Each structure stands twice: as structure tokens, then as C-alpha cells.
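Visitor: One structure coming up, written as C-alpha cells, with questions to follow.
The values are calculated or read from the model by the stated rules, or taken from the named source; none is laboratory data. Just so you know, these numbers come straight off a predicted model, no measurement behind them. Glycine also receives a Cβ, built like all others from the backbone with ideal geometry; neighbour counts cover every protein chain displayed. The area values use the complete protein model at the heavy-atom level, side chains included, leaving out ligands, DNA and RNA. Shrake-Rupley method; radii C 1.70, N 1.55, O 1.52, S 1.80 Å.
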Amino acid sequence: MEEHRETSSVDAYLSSRRSKNFHINSSELLPLANAIVASKNSLEVPADIIRAGLRAISARKRSFAFLKGSTNDEDEETVADNQSHSYFISLMEKVLSTLEPCSAVLADAESTEAASSESIFETLDNRFDLLEVEEPVEPKTGPAPKSEQFIYELQTSEEENKDEENLSPVFCLFDDLAELRSYVMHLWEQFKQGKIDLITASVVTNTAFQLAIRAQDKILAEFPASANYEVIPSLLATSLSKTHGVDVAAGPQGCQCEVGIDDDFAHWIYLPAYRLLVSFCNILDPKTLSLVKRGSFGIYNPRADRARRNSMELLCEDHTVLIELLPEFCFISRFKLVFGTTILLDIHHILRETVDFGFQELQTGTGVAKAQLDRYFELSRGLPKPPTWLKCNEKYLAQLRDEMGDFILNDVALPLKKSHYQELGWPAPDASEQFYLYKRHPILCGIQANAVMLAIQQAGITLNNNIGTAIYPAHFYNALKQNDPSYASWPLIDEVIALHSAERIFVGGTPSTMQACSNQICLMSGLSSKHFANNCRKSKPVFSKKNARGLKGASPITELFFHGLRLPNGKMTITMHIVEKLLNEQARDVDLTSNRTSRTLQREWAAKNRLTCLQLLKALQTVISKELPKLEFDYFKLHAQSIGLMRRLKRDLEADYIDLLGSAKYIEDESQLIFLCPYVVMAAASAIIAAEELSITNGGSELLTKAAMVMEEYLREEDAILDFSVRKS
């Protein structure tokens, strides 16, 4: 009887209200949760509700921990407020733990034994983390079932409800940004010490910016009242005034914008950077170009000891650095992000007089990339291309080379400065003005260096795929080595096979016999292996018009940054697929599998399919450091060596090819040079089969042996053989 009364308490509660809107107080939450669980109607709590509750608890816990840490124990009102916060957090945890048996994921979850409230809550948190990565389900069609909708609102005072609603998400946002900022500062300390490279530091920093933007957008979407930064200092200061014992001063028109907060808290909410940006924006005129005379706002001395300066001197130094740098953005884009501005200042203060090292690395890397393209165009002069190489590809390479020269190796902004200086009657800018932005913006330099490297890698892969200068030579080289392993090695081919895997280069794995080598090439190029049989009439083979099986990007970094940053809004999409690739790269690397941080990330992902922002940045930093050597591979050099070798084969083995194919026009022009590789391999396979049929011992292909000797001689002349030794006779 008592059980019946308990299970029907939900209906009794609803029937006692005539309206569909219900106001309940906190003391009714836990009894209602118990009644839902005990109901005979098998009520199911939607996952969105549980997830929203978990987010609310997490936000309250974080803000409460910060407030409690600065509480004045002598203030009875503050202590009472803290106790009230603690009680409500505990109550919400109990409610969610109680509702666990009715959660939407209960059927898919393993049953758990009785445990403490804390462990049950942690299990619930982990279980609902999994929901964030589930694939979307198809919406149900048809009319929705008719049912009455009841709305429940927690009974609080309007002022208390408004403050709590705004404070927790804002606090969590700034707390997340503080963690990201701390991690990024540590990155650039490592860069200064030479422990990591520029691209790793810059790319991870840029990813931190993306994560910060995503966190901000998420908070502002759910709590639009926090969108105006002007109200944030007063909002936080009002809430903290009791704990800090500081009065809030009224600003203009009664607005509490002048708040009494200490320097640490001001920097925690990025107030100094915000004020500097606002002061700069106030003088901007869309119809004019802002310029500043160097030294007008003070002289920045990067060799000075920043640790010995007081807060006012530090602010003046920040002002000098930023006010002289911001006009440079007028030549390329607007710069608004307060978080990004603060990070840029942090990096300046870490690197000090070495801040231009990033620019030096950018210039060096871009010079190497441009030299690759210069050599390609020199090689291509008079060299016909196959139909698979489109004219737009050639135009893209020319454009890429021009952009490297115009926008990185030369200062595109300097002529504009000279023109505006002349209009203002100022002296012409001196040498210190050249590359002013690049020399003071290591993040930009690293992002540009990464963009150049990825663009060159993708262009090189496209070139080799469309002309066949990677796959065909790889099959040719493998056939030579299978026939006689003592032949000299071709380092670039060995490296490209290692980068892209034998499974990618050779369908199903590396062929180990000449017949298997021939079959692989036939499968790849659309030829018949019977074409070179002794009883067949000699004629020129006809290759497929489609491209051969090609290379793919060898790194998940390519997918994340080369394609991701080219979206119209400039934002990367970090998907489960990409995170899986990053962690799989770590799992395949022997050095990384022994790294404790990497193992921790692997376990975290396996358990939850979820990483925090910091965990994602750590995984990214580790992978980039390991992947950069792969991205530095010179595909244009491989292309040049392949073309050079094919020309040498044609020159030295002309008579053999004519005899094999029965015509002096065995290739139409040099656009078909690459076909010389499969001709040799398929002829060798046919020769071996013929020798076996005639019971000839040690039968083989004379053409294959000659081709191997030509390859060795060519690679030696090109200094392309490492530790070359004469082949055994």
C-alpha cells in the first residue's frame, strides 16, 4: 500500500496543479527524482536532460572552487553563500545519480554494482560523454504523438537566477582560456629552448585559437546575455566583491564598468588587451590607413628584464609592442580577438630579442620550396606532359611559386608604406621596416611555413600521380631488387615506399617474384601480361588512359590543416575521424607508444571517445613533431630523378626497346617516358616463363640486367646513392 502511494506520487503531484507551468523549489527535486524512478509507467529520462545536468554541475563546481579559494572566512554572508552553492551542487549530483536507472542509455550500458555516490556520478558522467560522438540517427517521419507538455521551473529570486545563469558559463569560458593560454606559453618556452620547432608551436597555437573560438561560440549560443564583453568585468567583479572585500565603483551612466579588481584578475579576463584594442579601434577610420611613428609611444627594449618591472611599466611595454604592430594588420586584415592578442604579447615577452627567429625559419623553408618549383619548371622546359596532367595544374604551380616570392620572400607591404609615408611627408621607411609584421609575429610565420610545406607536398603528390613518376619507378625498382638484391638502392624510392606503405604502392603488398611484379604492373596500367609472350606479334602496348594507382597524403596533419583551413569561415572541423588518425599515428610509432602521455591519451580515447582541449593539443603536438619529416619529403626531386632515369634508359637501351617492341616509335614522345618501366618488367617476366618452358637453367632477361646497370650509373652520377658500393659480379 505504501509502495502504491509512493509510485503514484508523480500523478498526485501533477493533479494538484491546474496549470501546465509548475514552479518547484529545490527541496522537491530529489523526491520527484525518486518518484520518477519508482513510477509504474516506465518513464525514460532523455539523454539531453542528463547531459545538460552534467554540464551545469561541472560549471558550478569550477566556479565554486574559484570562489571558495578566495573566500574571506570572517565574512559570514560569504561563507553562507558558499555553503548554499555546495549544498545545491551536492543535491544536483544526487538527483542525477537517482535518475540513472531511467536514463536513455541504460539499455546499452552494463549494470553496475552498488557503489558510492561519487563513483556512480563519475560513471554516469563517462557514460554520457560517449553520447557526444554517436552518429546522428534519421528523424522519425509522420505526425508527432499528441501529448501535453509540462514546464517546470526552479523557484529562485529573479536576481539570483540571473546572476547564476550568467556567472557560471562566463567563469568556465575564462577558466578554459586560462588553461589554453598556460599550455601555449609552455609551448613557446620550449621553442625558445630549441626543444620543438616553429611549425609545431605555431600550428598547436592556432589550434588553441580555434578551440577558444569554438568554446566562446558554444557559451554565447547558450547564454547570449554574456555576449557583450563590456558587462563581463562588472559581472565577475560584482560576484567577487564580497570574497575579495572590494567595492564596485559605478561608471558612466550608472554602469558598473569601472571595477576595483587586482592586476592578476584583470589579466585573467584579458582586460588590459581588451582596453588596448578598444583604444586602437577608436582611432580607426575605414577610409584611411593607420600608420604610427616608431617610438612615439615609447621605446621597446627586448633585452630588458621584464620580471623587474612593475605593473604600470609592464602595461606600457605591452602598449608599445601592440600599438606599433596593430597598424601592420591594416595591410592584410582586421585583428580583433582579445585572447589572440594576449597570446601574441605573451610570446613576445617569452622570446624577447629572438622573436624574429620565426621569420628566419619561414624565409629558409620558403626558399627551399621555391627552389623545388624553379627546378621543376627548368626540367619541364620542352618536356611534353601526358593528357593526365591538366593545364590548370601547371598554372597552379606557377601561381604557388609567384605567391611565395611576392608575399613571403618579398615584403608586399613595404611599397605601400613608402607611398603613404611620402604622402604624409615622412622620411622613407628604413631597413627596420622591412618585413615588420613577419619579424614580430612568429605565429603567423609558423602558420605560413606550415601552409607552404603542405602546399608543396600536395602539389608534388599530384604531379607524381598524374605523370606516374612515383608508382611506375617504384615497381621497376622493386623488380630489379627482386631479381638481384645486390643492385644499388634508390634512396628516394625507398623513402616514398616507407612513407606511403608497400600496401599502397603495391596492391596487396610487395611482389616477390618477377611474374608477380609483372602482374602488379599489368593490373595497375590496364595491360595484358600476354603481350610480351614469345609467340605474340610484337607491337606497342596500349596503356589505360586513366591514372595509375596513386599516392595519398601520408599524414593526418594534411587532412586537418591543408583542407580544414581552406573552409570559407577559416575554421577547422576536428572530427572523430581526424582524432582517431592522430592517435593511430601515435600507436604506430614505437617511440610514442613508450611515451607515458601518449599512452594516457590512448586510454582516455578508448574509454570515452572524448578528449579535453588540452589533451587534443598534446596529441597534436606529439604527432606534428613526428610527422614533419614526412611532410619534408621532396616529391619534385623524385619526379626529376625518375624523368632523368627514363631519359637515360631510352638513350642507352634504344636498340633493345626497338627489338622488344618491333618499332622505333615504341613511345610517341617524352610524355610516355614512364612506360619504359613496365616494358622492362613485363619482358623480364615473359623471358623467365619462356626459359622455364624450355628447361633453361638460370634463364633471365638481359634487358632487365642492362636496365639495372643503367640505373646504378645514373644514380651515381646524380649523387643519389648513399654509401654506394660496386655490385658484385
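Visitor: Kindly provide the trypsin sites (Lys or Arg not before Pro) of the stretch 330-433 that DSSP labels as loop, not H, G, I, E or B, and whose Cβ sees at most 15 other Cβ atoms within 10 Å.
Guide: Numbers: sites: ARG334, LYS336, ARG352, LYS370, ARG375, ARG381, LYS391, LYS395, ARG401, LYS417, LYS418; in loops: ARG334, LYS336, ARG381.
Sparse-neighbourhood loop trypsin sites (Lys or Arg not before Pro): ARG334, LYS336, ARG381.
Visitor: Which value in nm describes the separation of the simple spin-label points at GLN363 and TYR229, placed 7 Å from the Cα toward the beta carbon?
Guide: 3.3
Visitor: How far, in nm, would the chain grow between GLU713 and GLU632 when pulled straight, counting 0.36 nm per residue and subtracting the alpha carbon separation?
Guide: Gain on stretching GLU713 to GLU632: 26.5 nm.
Visitor: Let me ask something additional. FRET efficiency for ALA502 and SER58, Cβ-Cβ distance as r, R0 = 51 Å, nearest 0.05?
Guide: 0.60
Visitor: Right, another one. Using a Förster radius of 25 Å, what is the FRET efficiency between LYS552 and GLU394 based on their Cβ-Cβ separation? Nearest 0.05, please.
Guide: 0.70
Visitor: Given a Förster radius of 56 Å and the C-beta distance between LEU383 and VAL278 as r, what FRET efficiency does 1/(1 + (r/R0)^6) yield to the nearest 0.05?
Guide: 0.45
Visitor: In square angstrom, what is the accessible area per residue of the stretch 370-458 with a 1.4 angstrom probe?
Guide: About 51 Å² of surface per residue is accessible.
Visitor: Check which residues have an amide H placed less than 5 Å from VAL45's amide H, if you skip close sequence neighbours.
Guide: Amide H neighbours of VAL45, under 5 Å, 5+ apart: SER103, ALA104.
Visitor: Something else: Starting from the 7 Å offset along Cα-to-Cβ, what nm value, one decimal, do you get for the label separation of GLU702 and ASN310?
Guide: That separation, rounded to one decimal, is 9.5 nm.
Visitor: Where in the stretch 368-392 does the label zone of LEU409 land, with the point 7 angstrom along Cα→C-beta and an amide N cut-off under 14 Å?
Guide: Answer for this model: 368-378.
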